[in-house]
1. Working carefully through the options Leu24, Leu60, find the one that is in contact with a helix residue (DSSP H, G or I) (Cβ under 6 Å, 6 or more places away or on another chain) and of a type outside the set (Gly, Ala, Ser).
2. Take the residues in the stretch 3-50 that are assigned to a helix (DSSP H, G or I) and of a type in the set (Lys, Arg); name whichever of them is surrounded by the most Cβ atoms within 10 Å (Cβ to Cβ).
3. What residue, among those in the stretch 55-76 that are more than 9 Å from the chain's Cα centre (by Cα) and either within 15 Å of Gly34 (Cβ to Cβ) or hydroxyl-bearing (Ser, Thr, Tyr) (or both), is surrounded by the fewest Cβ atoms within 10 Å (Cβ to Cβ)?
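Every number in this text was worked out from the coordinates using simple rules, so none of it is lab data. As the structure is a prediction and not an experimental result, all values here were calculated from the model. Every residue, glycine as well, gets a Cβ built from its backbone with ideal geometry; the counts of neighbours run over all protein chains shown.
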Amino acid sequence: MATKTQDLKAIEKISKALGDRNRLNILQHITKKGGCAQCSEIHDIIDLAQPSISHHVKILTEAGLIEPEKEGRNFKYTLNTSVLNDYLKFLEKLKND
């Protein structure tokens with residue numbers, strides 16, 4: 001079982017990941033694609049160099065918001081709705097406490 005400190009660290013990591021326009025655009029794109037998108041599609045929607053895109057994807061992955069899956073030489077990314085739902089529950093609890 002996670003401690004409150006671990007929970008708050010996870011919430012902080014998610015909050016920081018969501019604090020960037022490019023990462024929000026990536027999440028929106030994945031959502032519009034039914035919760036799953038190819039790496040090459042992400043490059044098409046964000047006008048950044050590949051290393052910058054990789055950096056943003058890494059932050060989203062480390063926060064648990066997306067999950068990578070290797071498909072041959074490429075990756076696809078799936079939205080982790082359970083992490084997102086837990087984050088929303090935390091925010092809802094803040095509002096109601």
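1. Numbers: Leu24 fails: in contact with a helix residue (DSSP H, G or I) (Cβ under 6 Å, 6 or more places away or on another chain).
After applying the criteria, what remains is Leu60.
2. From the stretch 3-50, those assigned to a helix (DSSP H, G or I) are 4-17, 21-32, 39-45, 50; that's our starting set.
When the remaining residues are screened for being of a type in the set (Lys, Arg), the result is 4, 9, 13, 16, 21, 23, 32.
Values: Lys4: 7, Lys9: 12, Lys13: 15, Lys16: 13, Arg21: 9, Arg23: 21, Lys32: 10.
Top of the filtered list is Arg23.
3. Glu69
Here is a yes/no grid of residues against (1) without any contact (Cβ under 8 Å) to a residue 12 or more places away in the chain; (2) closer than 29 Å to Lys93 by Cβ; (3) of a type outside the set (Phe, Trp, Tyr):
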site	(1), (2), (3)
Glu12	yes, yes, yes
Lys16	no, yes, yes
Asp20	no, yes, yes
Leu24	yes, yes, yes
Lys32	yes, yes, yes
Ala37	no, no, yes
Pro51	yes, no, yes
His55	yes, no, yes
Ala63	no, yes, yes
